[in-house]
Amino acid sequence: MLSHLVINDVVLIEKLALPLERGLNVFTGETGAGKSILLDALGLALGGRSDAGLVRSGAAQASVSAEFTLKETHTVFALASDQGLSAENPIILRRVIGKDGKSRAFFNDQPIGVGLLKQFGESLLEIHGQFETHGLLNAATHRGLLDAFGGLNALKQKIAQAFTLWHEAQDKWQEAQKSSAQAKAEEDYLRASFDELDKLAPQTGEAEQLAEQRTQLQHREKITDALNQTVSSLEGERGAINTLSQAGKALARVSDKAATLPDILATIDRAANEASEASAQLSRFMSSLDSRPDALQKIEERLFALRAIARKHSIQVDSLPDFLRDLSDRLALISNEGGQIAKLADAAVKARHTYVKLAEDLSAKRKTAAAKFEKEIARELPPLKLERAKFMIEVAALPEAQWGAEGADRVTFLAATNIGTTPGPLQKIASGGELARFMLALKTVLAAADPVPVLVFDEVDTGIGGAVASAVGERLAHLSENVQVLVVTHSPQVAARGNHHLRVAKKVSGKHTITQVEVLDKPARREEIARMLSGAEITDAARQAADSLLGEDKEPILQSKGIRRKS
């Protein structure tokens, strides 16, 4: 709900802090008192167009803050998270406008762009009447609203998944076709490249091994001399192995004569074993050395061949084995294209068939829901003095290129306000008062399906009175059981239905005229409704009529504890 609206220096409003309540909030006041200024200011806080003319004369800037208290499941929190914004109750949307017309926007005191502010605003509040209107007049919302009304969201989730699977299968099939066509065009090149590389048979890590072997062979003579000297030092008559062996035998004969000698003997034995192991490793290494005279030449020729073919294909030598496998796969695609591509094509066809069946089911259910929706709207229109109006929902099939995750239909709300006229978009065929009442009928039917928690109706009672005005008031009160409703009204029948009553009035302060708002307690509310009934002079009969209207309320009036707030 919208719990507070704070306005500073907007046109005739100097300082205003409005407390609002759940249910039906009514704004009354004489014509020209400034009710439209309140809606202009509210529109600013929701991302509406700014204008330097809105800044009060003599003020440096204008500002409006709208404070909302929301359920944690509301889409605002997810949207804020996606934008990297901190969000917690209360949610405060704020707009500041300078004398130059430039504006700044804030979400919980975090600066944001006006476009994002408008996104937040559209999910929180709708204004219906002769002013800015979103939501139901936007054809892009009609399909979602009809689906919510018809309880079709679970089916929509299935069709969204089917749409994704269909397009994934189609993409794989098309990619295989593209690869096959490309492979055919390059078949001669692919086969020549494969044969050349297959004959060379590159191995993973081979280049590094060859480079290491080449280094060894380039220094083969020095390495061999060093190895021979080392072997002689280890295995010769006076080499380390024999010397350590003799030392161990000498010490073993007296090792039981002193406590520390066994430990020393163990150390000598370990050294002898290590020397023997080193000798064995040297032997193995010497055996591994390629002693062929042409070994170095062959290694260099192999290494050169690998590097040359890698340069030819603009890849690294280590990537040659992978490249060979890729060539093999592409050639296999040519030889086996019929089977593989046919399987992919069959999978795409089946996935499309699944999507189409679900889309047909969804379309049929949409048409059923649309018929029910039209009947419920038809019942709402006559009491609102729209008995000649007709409401229609068009569920039209989209061309396949426009099918999507929400199905294959375009859903449009249409209306005709006079007999014999062609139905068209609401905003093009209805006047301001008719439009507000049409929106009231739609909102009454869609109360449980539309997620916007705050609705504002302006001029909803234009050109009506008596029983029709009572019907409007009754529907507004019924609607306010599910969402918070703010209504600007000149109708005493509508005003009497409110849970929270605010009066807008002008006041001369010094040389300036300002707009102020009073929160009415029960006696003041009675007087205001009597004024609306009788005009400038309030009579006892008007007061009695006001009492009668107030007695029609089915719900207790939310009073403001006797506090009259003036701003």
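Read the figures in this text as sums done on the coordinates, not as results from a lab. A quick note: this is a predicted structure, and the numbers were derived from the prediction, not measured. Cβ sites come from the backbone with ideal geometry, for glycine too, and all protein chains shown count toward neighbours.
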Item to check | Overall dimensions of the chain by Cα: Rg and Dmax, Å | outcome: 43.4, 139
Checklist entry - What is the stretch 464-549 by shape, rounded, prolate or oblate, if you read a ≥ b ≥ c off the alpha carbon gyration tensor as root eigenvalues and call it rounded for a/c under 1.5, prolate for a/b larger than b/c, and oblate otherwise? => result oblate
Checklist entry - Which distance in Å, rounded to a whole number, links the C-alpha centroids of the stretch 10-45 and the stretch 153-223? => result 68 Å
Checklist entry - If only Cα atoms are counted, what is the Rg of the stretch 179-338, and what is its Dmax, in Å? => result 27.8, 90
Checklist entry - So what's the angle, to the nearest 10 degrees on a 0 to 90 scale, between helix 522-534 and the longest Cα principal axis of the chain? => result 60 degrees
Next on the checklist: If packing is taken as the average count of other Cβ atoms within 10 Å, what order do 504-511, 89-96, 110-117 fall into, highest mean first?
Outcome noted: 89-96, 110-117, 504-511
Item to check | Over the stretch 175-266, equivalent-ellipsoid semi-axes from the Cα gyration tensor in Å | outcome: 65, 21, 8
Next on the checklist: Report the gain in length on full extension from T422 to K15: 0.36 nm times residue separation, minus Cα-Cα distance, nm rounded to one decimal.
Outcome noted: 141.8 nm
Checklist outcome for this item: So, for the Cα atoms of the stretch 135-176, Rg and Dmax in Å stand at 14.8, 45
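Using the structure shown, list the pairs from K15/K511; K35/K390; K385/K428; K367/K428; K158/K184 with a Cα-Cα distance above 28 Å, or answer none.
Flagged as over cut-off: K35/K390; K158/K184.
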Item to check | Nearest-ten-degree value, helix 114-124 long axis tilted from longest Cα axis of the chain | outcome: 70 degrees
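Answer rounded, prolate or oblate for the stretch 399-477, using the Cα gyration tensor with square roots of eigenvalues a ≥ b ≥ c: rounded when a/c is under 1.5, else prolate when a/b is larger than b/c, else oblate.
Cα axes put the stretch 399-477 in the oblate bin.
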Checklist entry - Among the DSSP beta bridges whose two residues both lie in the stretch 344-499, what percent are antiparallel, rounded to the nearest 5? => result 65 percent
Checklist outcome for this item: Protection proxy (average C-beta count within 10 Å per residue), highest first, orders 171-181, 534-544 as 171-181, 534-544
Checklist outcome for this item: Answer check: the stretch 13-164, Cα atoms, Kirkwood Rh, Rg/Rh ratio of 1.02
Checklist entry - Tilt of helix 153-185 relative to the longest C-alpha principal axis of the chain, in degrees (0 to 90, nearest 10)? => result 40 degrees
Next on the checklist: Please compute the contact order of the chain in relative form: average sequence separation of alpha-carbon pairs under 8 Å and at least six residues apart, divided by the residue count, as a percent.
Outcome noted: 21 percent
Item to check | Span from the the stretch 379-450 Cα centroid across to the the stretch 319-372 one, whole angstrom | outcome: 38 Å
